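Before any comments, here is the structure.
The values are calculated or read from the model by the stated rules, or taken from the named source; none is laboratory data. If you're wondering where the values come from, they're calculated on a predicted model, not measured in any experiment. Note: ideal-geometry Cβ built from the backbone for every residue, glycine included; neighbour counts use all protein chains shown.
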Amino acid sequence: LTLPPEITGQIFLHYVHNPYIGRTGEGAHNPLLLAGVCRSWRDICLSLHSLWSSLRIYPQDHSHSSLISLLGRWLPRAGSHLLDLELFRLSASTSAILSSLSAYSPRWRSLHLTMQTPSSLPEDRHIKGRIPHLSKLDLDVLEPYLGRPVTMFSHAPKLREVRLSAYSARPEWITLPWIQLTQLEFGCSLSGCLRVLAQTPHLEVLMVFITLMDRDPPPPIPQTLAHLRTLRYPRAHHGMLLDYLTLPALRTLELKCLEKEGCPRMRSLGVRSSWSLRSIHLVDMTSEIYMSCLWSLPSVEEV
């Protein structure tokens, strides 16, 4: 049975999903596998630029040059399509891989990096000001970092969604266009968190982890996030962050591990915000705390 190339191409588009290179071979659901079947399939694969527009990269401890060579053949096949890239195990020994990707930074749409420390990143000048389409940034930092601030993502006019996982009590380790962001996930000390939230008035979705002890007292004035619709607060415990927030537009609240002291703080937040909460998710707390939270939320429709 011979199918028209257009239909075969659509089948290929449904087949290719989160392709990766590096790790162990090239994995399933990869356009390289399809292109290796026969000449006609290869021609179809090479004509479908979107097949090559997303890629997960797993560097090994050797053969970096062959991986860089493969990237040099893969990414040009995406044509003018925007790129969704993930690079794992970034370190000083593998930073050349990210440097090779920086040549395509004007077409980055989303970028996910997992690294030991930001010192593994290439010099800011290779990327800074050259990411006009970057809308989503995800950075996992695995070790404590006290080095120079990372500024390469400071000029990203379309950046809206950021996830930061870092061993740092100070958000100043990275410079971002905070005021643009509509979705943010991060963790730091309470005072560091409030310093960030003072710069993010347009947030609509927030997940925050208060992760480390605070050396600096937080400012006494609450931060008003007028557009925030969803707040996810794992490790809420005493709920101290709630004392410093005003959230008039909040519709969904998720609290985990809230302790007894946190219930009055949540109720005070509701009064202060005059919210009309629609959905609340309460996880890993006693039934007493659970009921104490619920009784003050008459507008809730989903629990």
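The residue that is surrounded by the fewest Cβ atoms within 10 Å (Cβ to Cβ), among those in the stretch 216-239 that are modelled with pLDDT of 90 or more and of a type in the set (A, V, I, L, M), is ALA226. ARG163 falls short on exactly one of the conditions (1) part of a strand (DSSP E or B); (2) surrounded by fewer than 18 Cβ atoms within 10 Å (Cβ to Cβ); (3) assigned by TED's automatic domain parsing to the domain that holds THR246, and that condition is (3).
For every residue, the table says whether it meets (1) in contact (Cβ under 8 Å) with a residue 12 or more places away in the chain; (2) touching a helix residue (DSSP H, G or I) at 6+ places or on another chain (Cβ under 9 Å).
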{"position": "GLN10", "(1), (2)": "no, no"}
{"position": "ALA35", "(1), (2)": "no, yes"}
{"position": "LEU48", "(1), (2)": "yes, yes"}
{"position": "LEU71", "(1), (2)": "yes, yes"}
{"position": "PRO76", "(1), (2)": "no, yes"}
{"position": "ASP84", "(1), (2)": "yes, no"}
{"position": "THR94", "(1), (2)": "yes, yes"}
{"position": "SER99", "(1), (2)": "yes, yes"}
{"position": "THR117", "(1), (2)": "yes, no"}
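Results for (1) in a strand (DSSP E or B); (2) within 21 Å of ARG195 (Cα to Cα); (3) among the polar types (S, T, N, Q), shown as yes or no for each residue.
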| site | (1), (2), (3) |
| --- | --- |
| LEU242 | no, yes, no |
| PRO248 | no, yes, no |
| LEU253 | yes, no, no |
| CYS263 | no, no, no |
| SER268 | no, no, yes |
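One residue stands out in the stretch 126-156 among those that are small (Gly, Ala, Ser) and in contact with a helix residue (DSSP H, G or I) (Cβ under 9 Å, 6 or more places away or on another chain): the one that is farthest from SER102 (Cα to Cα), namely GLY147.
Residues are listed down the side, and each one gets a yes or a no for (1) surrounded by fewer than 17 Cβ atoms within 10 Å (Cβ to Cβ); (2) more than 26 Å from SER53 (Cβ to Cβ); (3) touching a His at 6+ places or on another chain (Cβ under 6 Å):
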residue: MET115; (1), (2), (3): no, no, no
residue: SER120; (1), (2), (3): no, no, no
residue: HIS126; (1), (2), (3): yes, no, no
residue: VAL141; (1), (2), (3): no, yes, no
residue: PRO144; (1), (2), (3): yes, yes, no
residue: LEU159; (1), (2), (3): no, no, no
residue: PRO171; (1), (2), (3): no, yes, no
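Screening the stretch 252-279 for residues that are surrounded by fewer than 19 Cβ atoms within 10 Å (Cβ to Cβ) and within 25 Å of the chain's Cα centre (by Cα) and picking the one that is nearest to LEU203 (Cα to Cα) gives THR252. Looking only at residues of the stretch 184-208 that are buried (at least 18 other Cβ atoms within 10 Å of the Cβ) and part of a strand (DSSP E or B), we find that the one that is modelled with the lowest pLDDT is CYS188. Of all residues in the stretch 276-295, those satisfying the criterion of being part of a loop (DSSP other than H, G, I, E, B) and within 16 Å of ARG232 (Cα to Cα) are LEU277, ARG278, ASP284, MET285. In the stretch 137-196, which residues are of a type in the set (S, T, N, Q) and more than 20 Å from MET207 (Cβ to Cβ)? Matches in the stretch 137-196: THR151, SER154, THR175. Does the stretch 137-151 contain at least one residue that is modelled with pLDDT of 90 or more, polar (S, T, N, Q) and part of a strand (DSSP E or B)? Within the stretch 137-151, not a single residue is modelled with pLDDT of 90 or more, polar (S, T, N, Q) and part of a strand (DSSP E or B).
Of the helices (runs of 4 or more DSSP H) that lie entirely inside the stretch 1-119, those containing 2 or more residues that are among the polar types (S, T, N, Q) and outside the structural domain of THR175 (by TED's automatic domain parsing) span 5-15, 39-47.
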